[in-house]
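What follows is a set of notes on a single structure, which appears directly below.
The values are calculated or read from the model by the stated rules, or taken from the named source; none is laboratory data. Quick caveat: nothing in here was measured; it's all calculated off a predicted structure. Note that each Cβ is placed from the backbone with ideal geometry, even for glycine, and that neighbours are counted across all protein chains shown. Heads up: the accessible areas ignore ligands, DNA and RNA and are worked out on the full protein's heavy atoms, side chains in. Shrake-Rupley method; radii C 1.70, N 1.55, O 1.52, S 1.80 Å.
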Amino acid sequence: MHIPDGYIDLPLALLFGALAVVVLSVAAKRVNGEISDARAPLLGVVAASIFAAQMLDWPIPGGTSAHFVGGAFAAILLGPHLGALCVATVVTIQALVFGDGGLVVLGANVFNMAVVEVYVGYAVYRLLVPYGEFRAAFAAGWLGITAGALTAALQLGLSSAFQYQLLTTLSIMGAGHLVLGLIEGAITASVYRYLARARPDLRPNAAPEVSA
Amino acid sequence: MAWERPDWLPRALAALLVLTLLAPVFGWAAGQVGYAEPLENAAEATGATEHATAVGTALFPDYGVPGLGGATGTFVSAVVGTALTLLVGAAIGRALGADTDRRQ
């Protein structure tokens with residue numbers, strides 16, 4: 001889902017870059033001074049885990065593949081604002097150091113993965129958590145990555161490089177990630193359930209100082 | 001600011017090491033089956049592929065290391081990227097942390 005330079009028209013790239021800056025600025029203000037010393041390293045560990053997990057490309061024979069993105073996972077474990085900053089850190093390092101995703105479109109990539117996936121994933125989780133944490137985390141990962149992919153498809157489909165074929169980009173990326181997102185949901189739910197059982201003190205509701 | 005090492009940190013670092021060791025394995029397996037993401041499929045369907053421009057300034061382009069083999073380069077990239085992300089993320093966490101001394 002990392003869009004390279006040249007795929008999105010410049011005005012769109014600048015617009016979504018500006019939106020990403022605004023959202024992340026608000027997120028930073030919301031959590032500034034609210035993270036306990038014991039919980040601060042968790043941001044680094046979750047970010048590093050997401051980076052490493054994103055390097056694991058799922059080998060699906062004969063079909064379209066993808067990798068874990070982790071936006072919903074970060075949102076559930078850290079809270080949405082810290083989760084957004086966490087994924088933004090990962091996406092920025094991937095672009096600057098590894099050339100994964102363009103520099104002109106960095107803001108758009110951050111918006112798709114660190115804003116849309118994180119906040120949509122968290123909203124889904126909060127909505128469904130009364131029906132069970134595992135189900136809620138699964139749906140959050142599944143629908144979060146699909147929402148991020150649809151946003152990327154919107155940006156691509158409104159750009160000249162894709163000949164403004166919005167329906168094509170929406171259908172290919174939407175359908176693709178709706179299916180592949182099942183794996184994202186399964187990983188999100190499984191890892192979160194393990195962490196919640198093994199270390200309940202790491203859950204966001206165990207650290208009320210990180211506001212949601 | 002005094003910083004106490006959380007008791008969960010050693011296990012978390014061990015898990016990160018496992019993930020970095022898996023990166024070359026998954027990279028090899030993905031290459032065997034012809035890895036293609038929906039984004040690439042959409043680009044091919046609309047003829048956009050030729051418009052993509054690579055970032056020429058990356059130190060580890062495509063998660064590889066110039067001069068090193070595929071698996072070795074992937075592993076080195078995984079270690080460097082994971083460590084760098086860990087440090088930057090932890091630094092952001094500390095910068096946003098509740099440090100009462102800082103505010104006095």
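Looking across the range B:44-69 at every residue that is assigned to a helix (DSSP H, G or I) and more than 7 Å from chain A (Cβ to nearest Cβ), the one that is surrounded by the fewest Cβ atoms within 10 Å (Cβ to Cβ) is identified as B:50. If you go through the range B:70-96 and keep only what is at the interface with another protein chain (Cβ under 7 Å from one of its Cβ atoms) and of a type in the set (Val, Ile, Thr), you end up with B:82, B:85, B:88, B:92. Within the range B:71-80, being surrounded by 15 or more Cβ atoms within 10 Å (Cβ to Cβ) and more than 23 Å from residue A:87 (Cβ to Cβ) holds for B:73, B:75, B:76. Scanning the range B:19-42 for residues that are more than 7 Å from every other protein chain (Cβ to nearest Cβ) and in contact with a helix residue (DSSP H, G or I) (Cβ under 9 Å, 6 or more places away or on another chain) gives B:21, B:24, B:25, B:28, B:31, B:40. Residues in the range A:43-70 that are in a loop (DSSP other than H, G, I, E, B) and not hydroxyl-bearing (Ser, Thr, Tyr): A:55, A:56, A:58, A:59, A:60, A:61, A:62, A:63, A:66, A:68, A:69, A:70. The residue that is nearest to residue A:199 (Cα to Cα), among those in the range B:10-29 that are among the aliphatic types (A, V, I, L, M) and more than 14 Å from the chain's Cα centre (by Cα), is B:12. Taking the stated definitions as given, is residue A:105 modelled with pLDDT of 95 or more, open to solvent by less than 10 Å² (accessible area, probe 1.4 Å) and in contact with a Pro (Cβ under 8 Å, 6 or more places away or on another chain)? Yes; evaluated as a whole, the condition is true for this residue.
Scanning the range A:28-42 for residues that are in contact with a Leu (Cβ under 6 Å, 6 or more places away or on another chain) and not in a loop (DSSP other than H, G, I, E, B) turns up A:31, A:35.
Scanning the range A:61-76 for residues that are more than 7 Å from chain B (Cβ to nearest Cβ) and open to solvent by less than 10 Å² (accessible area, probe 1.4 Å) yields A:69, A:70, A:71, A:72, A:74, A:75, A:76.
Of all residues in the range A:25-60, those being open to solvent by 40 Å² or more (accessible area, probe 1.4 Å) and facing chain B (nearest Cβ under 7 Å) number 6.
In the range B:81-96, the residue that is farthest from residue B:64 (Cα to Cα) out of those that are over 15 Å from the mean Cα position of the chain (by Cα) and surrounded by 23 or more Cβ atoms within 10 Å (Cβ to Cβ) is B:96.
Among residues of the range B:1-18 being facing another protein chain (nearest Cβ under 7 Å) and open to solvent by 60 Å² or more (accessible area, probe 1.4 Å), the one that is modelled with the highest pLDDT is B:4.
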